[in-house]
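Contents: one structure, followed by commentary.
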Amino acid sequence: MANPWRGEVTLVIDGAPHVLRLTLGALAELESGLGAGSLVDLVARFEGGACSSRDVLGLVVAGLRGGGWRGSAADLLAAEIEGGPLGAARVAAELLARAFTPVGEA
């Protein structure tokens, strides 16, 4: 069960719930994977509704890895994500918001 006070979000993949969390290490990995730009740019894209599927996938993978998952983006190519692409985008946006919301404001 995800704990919102810790910045956690749940995503169901292939019928199994997974806890996602953006740890400092996961954020560093995400920023490295973004290539150009920064986390601030990523937040701006989500806030402006201009995020790409690459942004969503990057956030989901980083969150899964922060939650202890040892897979890679390639492992999600054929996975059934509850809610489809829109569900993944919703979870990614919620994960990003929780990672940067001070405790007590979640």
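A few points about this structure:
- When GluC sites (Glu not before Pro) are flagged only if DSSP places them in a loop and at most 11 other Cβ atoms lie within 10 Å, the longest unflagged stretch of the chain comes out as 1-79.
- Charge context of Ala2, other residues only, Cβ under 13 angstrom, K/R +1, D/E -1: +1
- Most fluctuating residue given options Gly63, Gly48, Gly25, as computed from a GNM of the chain linking Cα atoms under 10 Å: Gly48
- R0 of 30 Å, Cβ-Cβ distance Asp41-Ala16: FRET efficiency to nearest 0.05: 0.40
- Net charge contributed by nearby residues that have their C-beta within less than 13 Å of Ala92 (K/R +1, D/E -1): +2
- Extreme residue, positive dipole direction of the stretch 2-87, given options Val12, Gly67, Gly84 (C-beta unit charges): Gly67
- Coil-residue trypsin sites (Lys or Arg not before Pro) of the stretch 10-106, DSSP, other Cβ within 10 Å capped at 16: Arg70
- Using Cβ point charges alone (K and R +1, D and E -1), the dipole size of the stretch 4-99 about the Cα centre works out to roughly 180 debye.
- Model label sites at Leu24 and Ser53, defined 7 Å from Cα along the beta-carbon direction, differ in position by 3.5 nm.
Throughout, read-outs are computed from the coordinates displayed, never taken from laboratory work. All values reported here derive from a predicted model rather than from experimental measurement. Note: ideal-geometry Cβ built from the backbone for every residue, glycine included; neighbour counts use all protein chains shown.
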